[in-house]
1. Within the range A:425-447, which residues are in contact (Cβ under 8 Å) with a residue 12 or more places away in the chain and out of contact with any helix residue (DSSP H, G or I) (no Cβ under 7 Å at 6 or more places or on another chain)?
2. Mind checking which residues of the range A:378-435 are assigned to a helix (DSSP H, G or I), more than 21 Å from A:Tyr317 (Cβ to Cβ) and among the small types (Gly, Ala, Ser)?
3. Have a look at A:Leu276, A:Leu267, A:Leu223 and point out the one that is over 17 Å from A:Thr44 (Cα atoms) and touching a residue at least 60 places away in the same chain (Cβ under 8 Å).
4. Report whether or not A:Asp229 is more than 8 Å from RNA strand B (Cβ to nearest atom), within 38 Å of the chain's Cα centre (by Cα), over 30 Å from A:Ser122 (Cβ atoms) and without any contact (Cβ under 8 Å) to a residue 24 or more places away in the chain.
5. Which residue, of A:Ala148, A:Ala137, A:Ala120, is without any contact (Cβ under 8 Å) to a residue 60 or more places away in the chain and among the aliphatic types (A, V, I, L, M)?
6. Which of the residues belonging to the range A:355-376 are assigned to a loop (DSSP other than H, G, I, E, B), surrounded by 13 or more Cβ atoms within 10 Å (Cβ to Cβ) and within 6 Å of RNA strand B (Cβ to nearest atom)?
7. Filtering the range A:401-422 down to residues that are surrounded by 18 or more Cβ atoms within 10 Å (Cβ to Cβ) and of a type outside the set (A, V, I, L, M, F, W, C), which residue is farthest from A:Thr536 (Cα to Cα)?
8. Within the range A:436-482, which residues are in a helix (DSSP H, G or I) and aromatic (Phe, Trp, Tyr)?
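The values are calculated or read from the model by the stated rules, or taken from the named source; none is laboratory data. Every value quoted in this text rests on a predicted model; they were computed, and no experiment measured them. Here the Cβ positions follow ideal geometry from the backbone for every residue, glycine too, while neighbour counts run over all protein chains shown.
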Amino acid sequence: MRRKHNMTDHQALAALLFPDVTTTPRDWLERYPPRPLPEGAQVTRFAPSPTGFVHIGSIMASLVSRRVAHQTGGVFILRIEDTDKKREQDGSVEMIVRSLLNFDLAPDEGIISIDPEVEAGSYAPYTQSERGEMYWAFAKYLVEKGLAYPAFDTEAELDQTRKLQEAQRVKPGYYGRWARWRDASLDDVQARLAAGEQPVIRVRAPFPAEGRAKFVDAIKGPLDLPENDQDAVLLKSSNRLPTYHFAHVVDDTLMRVNLVIRGDEWLPSAPLHVQLFDFIDQPLPTYAHVAPIAKMDGSSKRKISKRKDPEANVAYYYEQGYPVQAVTEYLLNLANSDFYDWRKANPTAPNSEFEVKLDRMGVASPLFDPVKLNDISKDIIATYTAEQVFDYAINWAGQYNPRLVAILNLDRAYSLKVFNVERTGEAPRKDIVNWSDIERACGLFFDDLFNEAIAANGYPFPNVEAAAIEKILGRGMSFDPAQPKEEWLAAMRAYAEELGFARDVKTFKKDPTAFKGHFGDMMMVLRVGLSGKTNTPDLYEMQQTLGVDRVQQRLKRAAEYVRERAL
RNA sequence: GGCCCUAUCGUCUAGCGGUCUAGGACGUGGCCCUUUCAAGGCCAAAACACGGGUUCGAGUCCCGUUAGGGUCACCA
């Protein structure tokens with residue numbers, strides 16, 4: 001195969017390859033003109049492939065993308081990258097859109113709603129399998145310019161080449177002299193075409209490549225990478241749809257995306273992208289490569305994977321019942337660690353008022369920290385009203401714990417009272433981590449859950465003699481809800497002394513043998529009798545909430561339990 | 001292995017040549033408050049990977065070593 005390319009050859013080749021393509025890049029660029037946006041407006045996108053899985057990292061990248069777009073008066077696009085039909089899963093697009101909507105990340109363009117499905121925006125279509133003509137126009141243009149060519153290698157041939165390269169210890173790939181079809185004659189191409197074979201279209205990368213791909217990453221700073229020399233596949237043979245690389249370049253050009261926020265696993269292919277933008281004579285968007293969220297696996301760190309790590313899947317956060325706001329603020333915290341300072345200074349402001357800054361994002365992979373997430377979640381739930389807690393809990397339980405729905409709905413007013421316990425004061429309780437934690441934190445108030453706990457664990461009474469326990473439980477029966485808290489406490493303290501308990505811990509510690517225990521021990525008996533637990537909300541409030549009937553019922557039952565055990 | 005990215009308390013990080021005997025938060029420990037728990041308040045332990053340079057001066061700049069991570073598909 002002699003090298004004998006000239007302009008005419010390239011054009012003949014392009015005509016041969018794309019006989020039906022009549023449009024040019026110029027046509028498409030005119031059809032999708034630059035956006036009439038203010039100076040500095042950032043157009044960003046989330047471009048998932050519909051594989052039936054939404055990764056928490058995708059939510060983080062979308063969160064950042066959307067915030068940055070909106071902060072600058074720009075646009076956030078959802079584009080579906082469905083060029084690999086083999087990997088596609090039914091219902092994925094719906095799942096993606098719902099996840100975005102769930103996290104308050106509604107896109108401005110693309111599929112913005114499901115049921116009914118609505119595609120918004122004037123740079124449509126936003127689904128790659130529907131954009132074939134655009135890719136073909138650009139591919140044809142590249143072939144005409146001699147910057148791309150068809151290749152008919154079979155999988156086996158490619159394998160063979162790779163093995164040879166391994167044996168010779170040279171760089172693997174399709175490039176330079178290994179690129180068999182790089183300089184094939186028009187006749188050879190024609191013959192294969194005539195035989196019905198479908199080629200891939202590959203970029204003709206410079207070889208040897210001696211240049212550098214330089215650009216400033218919005219997160220990582222100035223980058224200086226070796227120029228691409230791989231003749232990467234632009235269009236696949238099976239369906240003539242583009243690979244990620246070509247789709248990225250064509251779509252982000254035509255959708256007028258100017259800020260590409262993506263996972264940093266794309267960094268190694270950035271030089272290819274830089275080259276492709278150059279080949280189609282279009283400006284390079286700004287890149288922002290986000291480090292993946294990682295976790296420890298034994299003693300080594302790795303990015304969280306959808307196969308091994310439940311927390312990689314957004315479904316995990318739904319199932320656990322983390323409020324959207326909690327996950328959002330956790331991610332915001334990972335993105336910009338000064339978020340926390342902002343939150344402290346603005347305790348009630350919506351987090352959308354926090355300005356996300358790309359250059360404040362860390363360059364290394366942060367470790368996923370469930371403890372921190374829980375902490376944030378507790379704080380956030382503590383700011384909710386009882387009504388909000390009730391609504392969120394019901395909403396969550398409807399999907400993940402149907403029995404809890406029944407329990408909470410049995411007496412809505414009562415449930416609201418329960419969620420209001422120690423919620424309205426200066427320091428609201430922070431004991432609910434997420435909605436799946438409600439049973440643990442509030443179960444004692446609901447008879448069914450309470451009964452189950454008693455059946456399973458009995459009463460964890462403190463080390464106090466049975467006779468005293470019975471007396472204390474008996475005294476608790478006379479609880480008068482009309483009595484003010486301080487009065488009640490004073491009366492209980494007096495009763496404690498009457499029974500032979502120390503009035504406080506200090507008194508007790510001075511001479512432990514002189515008492516049956518201290519005031520706290522006595523109160524603990526009451527607490528356990530009422531709740532079956534040693535840690536509960538404030539006893540007085542608990543009684544107020546449970547109500548006289550329930551208080552008496554429970555204390556009676558606890559007394560029976562003690563009596564039976566004493567025999 | 002090639003290429004690339006990264007390296008400050010256990011974790012997330014602040015730090016952009018002197019103000020660093022390195023700051024904050026989560027977590028941990030202690031104390032206080034207290035009817036238990038949660039919360040809250042106070043206090044504490046806890047880090048610049050290593051080695052060379054540059055400089056009057058380095059956590060901060062450069063080089064190397066080491067260690068992590070990413071990537072090398074007709075997948076995105």
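1. At the first step, the residues of the range A:425-447 found to be in contact (Cβ under 8 Å) with a residue 12 or more places away in the chain are A:428-439, A:442, A:444-447.
Correct list: A:Asp437, A:Asp447.
2. Within the range A:378-435, A:Ala386, A:Ala406, A:Ala413, A:Ser415 meet the criteria.
3. Sole residue among the options that is over 17 Å from A:Thr44 (Cα atoms) and touching a residue at least 60 places away in the same chain (Cβ under 8 Å): A:Leu276.
4. Values: more than 8 Å from RNA strand B (Cβ to nearest atom): yes; within 38 Å of the chain's Cα centre (by Cα): yes; over 30 Å from A:Ser122 (Cβ atoms): yes; without any contact (Cβ under 8 Å) to a residue 24 or more places away in the chain: no.
No, not satisfied.
5. On the way: A:Ala148 fails: without any contact (Cβ under 8 Å) to a residue 60 or more places away in the chain; A:Ala137 fails: without any contact (Cβ under 8 Å) to a residue 60 or more places away in the chain.
Result of the check over A:Ala148, A:Ala137, A:Ala120: A:Ala120.
6. Across the range A:355-376, the qualifying residues are A:Gly362, A:Ser365, A:Pro366, A:Asp369.
7. Taking the range A:401-422 and keeping what is surrounded by 18 or more Cβ atoms within 10 Å (Cβ to Cβ), we get A:401, A:404, A:407-408, A:415, A:418-419, A:421.
Subsequent filtering for residues that are of a type outside the set (A, V, I, L, M, F, W, C) retains A:401, A:415.
Numbers: A:Asn401: 23, A:Ser415: 16 Å.
Ranking the qualifying residues of the range A:401-422, first place goes to A:Asn401.
8. Step one: list which residues in the range A:436-482 are in a helix (DSSP H, G or I), which gives A:436-445, A:447-457, A:466-476.
Across the range A:436-482, the qualifying residues are A:Phe445, A:Phe450.
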